[in-house]
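Enquirer: Have a look at this one before I ask anything.
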Amino acid sequence: MDRFSAVERALRGAPPHALLEAVRDALIAHYTAVSVDLLVADYAMTILQPVQPLADAVEPVPVHSSAPGRAFGSQQPYVEKQPRGTRVIAHFPVSVRGDRIGVLTVRLPADGYTPPTERELQEIAEILGHEIVVAERDTDLYLQARRASRLTLAAEMQWQLLPGRSCSRPEYEIGAQLEPAYAIHGDNFDWSTSADHLTLTVTNGMGEGIEAALLTNLAINALRNARRAGLGLADQACLADQAIYGHYHGAAHLSVLLLRFHLATGDAEIVDAGSPKMWRLRNGKPEPIDLEAQLPLGMFEDTLYRAQPFSVLPGDRLFFVSDGVYDAASPAGERYSDKALARAMTATRLLPPSQVPRAVLHELAGHRGPVAAEDDAMVLCLDWHGRR
């Protein structure tokens, strides 16, 4: 058995809570590694935190000003060389289909770090990412490691509802983020892909705390139920509308934007049910997209919804933002959507979608100044590449 297969076999057979120990022991045994650490990104995507820290393990490190952060941001290996050149510290992104989880850090002798070794370690980091996703069904270890502070119960419910924070396929790339990460209420996003379609849901929640989280949970699961039953986009909205009205009888409602893209053509259909806002960046020019506004889900009984046509071209970038972004005011009273949002879209045009939401939310915090946020903030970025 070759060394790569030995490490892969060790990971496949490890207990859910012992993936780090398994990969550490295997890399020491088969790759002469000196030490191995696993860092995972926190919910705010600002720091990388160690999983099961040892006495000599690294402390949490910032994403934007650290060597592991460079590997996390670029999604490429990053190598630090020691002063005397006897050892290297190599950082490898741990991700699953574009969803960034963290970084695997391996210290090993410099003469043992060859191009084939780098490729093998990069693939091992990817396998580790897949094993972490599977292991999270059976252990809280990796979710606990992501927490720089305690989540509110509402935030716990919302994070567990998400499909991920980024996703990548040849036809598109998605990146999304919610703030405040440790105390979100009702904003949410969801996506599902098949061989031919991408379905995207962007939710602007109503209310605060547990009530907002419960409302969003009901809506997202009703939409998933309808989608998995094979219903069309308008019927998905109708079913979710009935579920919410049947429970709240009009006392609570939910704004949502539903989109379904045909991967081969870029043709899409949209249901705008009191939606979050949608912008498009095409040829470097940002512009808001006016949609046919329909009633929010759950406002009235037996509301009928219609899907309107839309299309995207290769190179298009779509932005979806909630009211917490769109209506955020500066100390002088200027709404973020007046000018600052378009500037932020243009300024981040060279960043990959996985990094865009964090950058826009950082700009939003600067626009808002010292004033505390009054609402959740959600940013989702979609790059459309199209099918060749």
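The values are calculated or read from the model by the stated rules, or taken from the named source; none is laboratory data. Being a predicted model, the structure only gives us computed values, none of them experimental. As a convention, Cβ positions derive from the backbone with ideal geometry for all residues, glycine included, and neighbour counts pool all protein chains shown. The protein model used for the area step is the full one, side chains on, heavy atoms only, and it has no ligands, DNA or RNA in it. Shrake-Rupley method; radii C 1.70, N 1.55, O 1.52, S 1.80 Å.
Enquirer: Which aspartates and glutamates does Lys81 reach when only Cα atoms under 12 Å apart count, and residues fewer than 8 places away in its own chain are ignored?
Expert: Candidates past the 8-residue exclusion: Asp111.
Enquirer: How long is the gain from Leu153 to Thr346 if the chain were fully straight, where each residue apart is worth 0.36 nm and the alpha carbon distance is subtracted? Don't jump to the answer; show the numbers that get you there.
Expert: Working: separation 193, 0.36 × 193 = 69.48 nm, distance 3.57 nm.
Once the chain is fully extended between Leu153 and Thr346, it gains 65.9 nm.
Enquirer: Can you return the lysines within cross-link range of Lys285? Criterion is Cα-Cα under 24 Å, with same-chain partners fewer than 8 residues away left out.
Expert: In chain and number order, the partners are Lys277, Lys339.
Enquirer: Using helices alone, what [θ] at 222 nm do you get for the chain, with -39,500 (n - 2.57) per DSSP H run of 4 or more residues, divided over all residues and rounded to the nearest 500? Please report the intermediate quantities before stating the final value.
Expert: Working: 11 runs with 127 residues, N = 388.
-10000 deg cm²/dmol, from helical runs alone.
Enquirer: For the residue pair Ala110 and Gln144, what label-to-label distance in nm results when each label sits 7 Å from Cα along the Cα-to-beta-carbon direction?
Expert: Rounded to a tenth, the inter-label distance reads 4.0 nm.
Enquirer: A follow-up question, please. To the nearest 10 degrees, how steep is helix 233-248 against the longest Cα principal axis of the chain, on a 0 to 90 scale?
Expert: Taking Cα atoms only, the helix is inclined about 80 degrees.
Enquirer: Compute the angle between helix 356-368 and the longest alpha-carbon principal axis of the chain, please, reported from 0 to 90 degrees and rounded to the nearest 10.
Expert: Compared with the principal axis, the helix lies near 60 degrees.
Enquirer: Give me the percent relative contact order of the chain, please, defined on Cα pairs under 8 angstrom at least 6 residues apart. Numbers along the way, then the final one.
Expert: Numbers: 837 pairs, mean separation 52.0, N = 388.
Across the chain, relative contact order equals 13 percent.
Enquirer: OK, next. Using protein chains only and a probe of 1.4 angstrom, how many square angstrom of Glu292 are accessible, to the nearest 10?
Expert: 70
Enquirer: How do Ser65, Ser35 stack up against each other in accessible area, from largest to smallest, with a 1.4 angstrom probe? Intermediate values should be presented prior to the final figure.
Expert: On the way: Ser65 90, Ser35 30 Å².
From most accessible down to least: Ser65, Ser35.
Enquirer: Now for a separate question. Hey, quick one: spin label on Arg387, modelled 7 Å out along Cα-Cβ, who in the range 188-208 has an amide N within reach, i.e. under 14 Å?
Expert: Residues 193-199 qualify, since their backbone N sits under 14 Å from the label point.
Enquirer: Further question on the same structure: Mind pulling the angle between the C-alpha long axis of helix 209-228 and the longest principal axis of the chain? Nearest 10 degrees, somewhere in 0 to 90.
Expert: 90
Enquirer: Springs between alpha-carbon pairs under 10 angstrom, Gaussian network model over the chain: which of Ala222, Ala251, Ala347 fluctuates most?
Expert: Result for the chain, Cα springs under 10 Å: Ala251 fluctuates most.
Enquirer: Roll a 1.4 Å probe over the protein chains and send me the accessible area per residue for the chain in Å². Display every interim value, and only then the final one.
Expert: Numbers: 17250 Å² over 388 residues.
Dividing the accessible area of the chain by its residue count gives 44 Å².
Enquirer: So, counting K/R as plus one and D/E as minus one, what does the shell of residues with Cβ under 14 Å around Asp375 add up to?
Expert: With Lys, Arg at +1 and Asp, Glu at -1, the neighbours total -4.
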